[in-house]
Every structure is written in structure tokens, then in C-alpha cells.
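Undergrad: The structure follows.
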Amino acid sequence: MFTINVKQSIFIDLPTEEIFAYLSNLENLVDWSSTVISSKKVSPGTIQVGTTFQSTMRFLSKWLSLTFEIVEYDPGSYLAIKSTSGVSPCLFYYQLDPGEEGGTSLSQEMTIHHAEGFVELALPVVESAVRRQLEYDLFTLKEMLESRASTCQDAS
């Protein structure tokens with residue numbers, strides 16, 4: 001087993017509360033994550049620490065069924081989710097920091113404990129693929145949220 005750790009950040013021209021509300025509902029992953037095929041909340045109640053989601057993902061030609069649990073939850077500030085099932089345990093951490101003149105800096109850190117032999121590629125190739133995919137996904141999230149907000153403002 002080897003570990004992949006990727007950190008990235010992006011600026012989104014929206015308030016932290018709005019981004020957090022969207023980000024913390026993991027069912028929204030299907031809209032902006034290029035690897036998530038489906039994600040459904042499976043625990044009762046509101047979204048909080050302990051909330052679980054069942055997700056189907058496809059990464060490097062492999063299909064994965066994972067259960068994610070919210071392990072840290074501070075509305076408007078940070079969110080951490082970890083996989084509680086699957087061959088490659090992972091942890092996602094999102095930190096939201098308000099910008100001085102509006103907007104939000106969103107930082108994402110992902111740690112994957114990757115089982116050797118799961119994909120037949122060298123570690124640098126897998127790590128590069130993870131890094132590119134996460135960068136693409138953060139950019140997609142930014143574009144989607146900002147354009148959605150712009151469309152709502154134009155309709156007003």
C-alpha cells in the first residue's frame with residue numbers, strides 16, 4: 001500500500017456559506033466530480049458529522065462502490081469526509097476562507113491509501129492522474145457555481 005496526498009486551492013467569487021451549503025451535500029458530487037457516477041445520502045436526518053453517502057465512482061477504468069462519512073463539519077469553514085469502505089481508503093478535506101474583498105478561497109486536500117495492484121500503473125502515473133482530476137474538478141465546481149449565481153442575478 002502507498003499513500004497519495006494532493007493539495008490544491010481555487011478562488012470562487014461567491015460567499016463561503018453558499019459554497020459550503022452546496023459542497024456539503026455529497027449528492028451534488030455527480031454534477032462537478034468527473035469520477036462520481038452516483039452519490040446518495042443513506043443516513044437519516046440533516047447533514048452533519050456522521051452523515052453517510054453511498055457513491056459509485058469510476059477512476060482509471062476501475063468501478064468503485066464507496067461509502068463516505070462526514071467526519072468534520074463546521075458550516076462555512078471546513079468539511080472532512082472519509083471513505084469507510086472500498087479498496088483504497090481516502091480522506092477529503094475542504095477548507096473555506098472568506099476573501100478580503102468578497103469571494104472564497106477553497107482549499108482541498110485529499111489523501112488516498114492506494115492498494116498496490118488495484119491499477120496496473122506506476123505510482124507517479126496514478127498520482128499525476130489524481131492531481132489532474134482534482135484540479136479539473138475544482139475548476140468545474142468554480143465555473144458551475146459562479147455561472148449559476150450569474151444566471152440567477154441576470155434573472156432578477
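The values are calculated or read from the model by the stated rules, or taken from the named source; none is laboratory data. Since this is a predicted model, take the numbers as computed values, not measurements. Neighbour counts run over all protein chains shown; Cβ positions are idealised from the backbone, glycine included. Surface accessibility is based on the protein's heavy atoms, side chains included, excluding ligands, DNA and RNA. Shrake-Rupley method; radii C 1.70, N 1.55, O 1.52, S 1.80 Å.
Undergrad: Quote to one decimal, in nm, the extra length available between Asp74 and Tyr22 on full extension: 0.36 nm per residue of separation minus the C-alpha distance between them.
TA: Details: separation 52, 0.36 × 52 = 18.72 nm, distance 1.37 nm.
Stretched fully, the Asp74-Tyr22 segment lengthens by 17.4 nm.
Undergrad: While we're looking at this one, here's another question. Going Cα to Cα from Lys41, which aspartates and glutamates come in below 14 Å? Please leave out same-chain ones fewer than 8 positions away.
TA: Output for Lys41: Glu27, Glu69.
Undergrad: Please list Trp32, Trp63 from largest to smallest accessible area, probe radius 1.4 Å, with all protein chains kept in place.
TA: Values: Trp32 10, Trp63 150 Å².
Putting Trp32, Trp63 in descending order of accessible area: Trp63, Trp32.
Undergrad: For the stretch 1-146, what is the relative contact order in percent, using Cα pairs closer than 8 Å and at least 6 residues apart in sequence? It would help to have the intermediate numbers written out before the result.
TA: Details: 295 pairs, mean separation 43.9, N = 146.
Relative contact order, the stretch 1-146: 30 percent.
Undergrad: What residues qualify as long-range amide H neighbours of Ser43, i.e. H under 5 Å apart, gap of 5 or more or another chain, H built at 1.01 Å from N?
TA: The list, which skips near neighbours in sequence, is Thr52.
Undergrad: Shifting gears a bit: Please give, to one decimal in nm, the separation of the simple spin-label points placed at Phe11 and Val42, each 7 Å out from Cα toward the Cβ.
TA: Modelled inter-label distance: 4.0 nm.
Undergrad: In addition: What residues qualify as long-range amide H neighbours of Ile37, i.e. H under 5 Å apart, gap of 5 or more or another chain, H built at 1.01 Å from N?
TA: For Ile37, whose amide H was placed from the backbone, the distant partners under 5 Å are Thr56, Met57, Arg58.
Undergrad: Give the carbon-plus-sulfur fraction of the accessible surface of the stretch 1-89 in %, rounded to a whole number; probe 1.4 Å, heavy atoms of protein chains only.
TA: Numbers: 2240 of 4360 Å².
Here it works out to 51 percent.
Undergrad: Can you compute the helix-only [θ] at 222 nm over the chain? Use -39500 (n - 2.57) per DSSP H run of at least 4 residues, normalise by all residues, nearest 500 deg cm²/dmol. Kindly include the intermediate steps, with their values, before the conclusion.
TA: Details: 3 runs with 45 residues, N = 156.
Value at 222 nm, helices only, nearest 500: -9500 deg cm²/dmol.
Undergrad: Taking the Cα centre as origin and putting +1 on Lys and Arg beta-carbons and -1 on Asp and Glu beta-carbons, what dipole magnitude results for the chain, to the nearest 20 debye? All intermediate terms of the calculation are to be shown ahead of the outcome.
TA: On the way: 10 positive and 20 negative charges, 145 e Å.
Using Cβ point charges on Lys, Arg, Asp and Glu, the chain gives about 700 debye.
Undergrad: Next question, about the same structure. With a 1.4 Å probe and every protein chain left in place, work out the accessible area per residue of the chain in Å², rounded to a whole number.
TA: On the way: 8180 Å² over 156 residues.
Accessible area per residue: 52 Å².
Undergrad: Spin-label point model (7 Å from Cα, Cβ direction): what's the Ser65 to Ser85 distance in nm?
TA: Those two pseudo-labels are separated by 0.6 nm.
Undergrad: Based on the mean of other Cβ atoms within 10 Å per residue, sort peptides 51-57, 70-76, 96-102 so the most packed one is first.
TA: Values: 51-57: 19.3, 70-76: 15.4, 96-102: 12.0.
Most protected by this proxy first, the peptides run 51-57, 70-76, 96-102.
Undergrad: At a Cα cut-off below 14 Å, give the aspartates and glutamates reachable from Lys7, other chains included and same-chain residues fewer than 8 away excluded.
TA: Glu109, Glu127, Glu135, Asp137
Undergrad: For Leu91, Leu64, Leu145, write out the residues from largest to smallest accessible area, computed with a 1.4 angstrom probe and no ligands counted. Display every interim value, and only then the final one.
TA: On the way: Leu91 75, Leu64 35, Leu145 5 Å².
Descending order: Leu91, Leu64, Leu145.
Undergrad: Please list, in order along the stretch 31-38, the HN-Hα scalar couplings obtained from phi with the Karplus expression 6.51 cos²θ - 1.76 cosθ + 1.60 (θ = phi - 60°), rounded to whole Hz, x for Gly and Pro.
TA: Per residue, the Karplus-derived 3J(HN,Hα) values read 7, 10, 9, 6, 9, 8, 8, 8 Hz.
Undergrad: When the Karplus curve 6.51 cos²θ - 1.76 cosθ + 1.60 is applied with θ = phi - 60°, which whole-Hz ³J(HN,Hα) does each residue of the stretch 129-143 get, with x for Gly and Pro?
TA: 5, 4, 4, 5, 5, 5, 4, 4, 5, 5, 5, 4, 4, 4, 4
Undergrad: Counting only other residues whose beta carbon sits under 15 Å from that of Val49, what net charge do I get with K and R as +1, D and E as -1? Don't skip to the end; give the middle numbers.
TA: Working: positive: Lys41, Lys82; negative: Glu69, Glu72, Asp74.
It works out to a net charge of -1.
Undergrad: Can you find, among Ser77, Leu106, Val6, the residue sitting farthest towards the positive end of the charge dipole of the chain, where Lys and Arg contribute +1 and Asp and Glu -1 at Cβ?
TA: Result: Val6.
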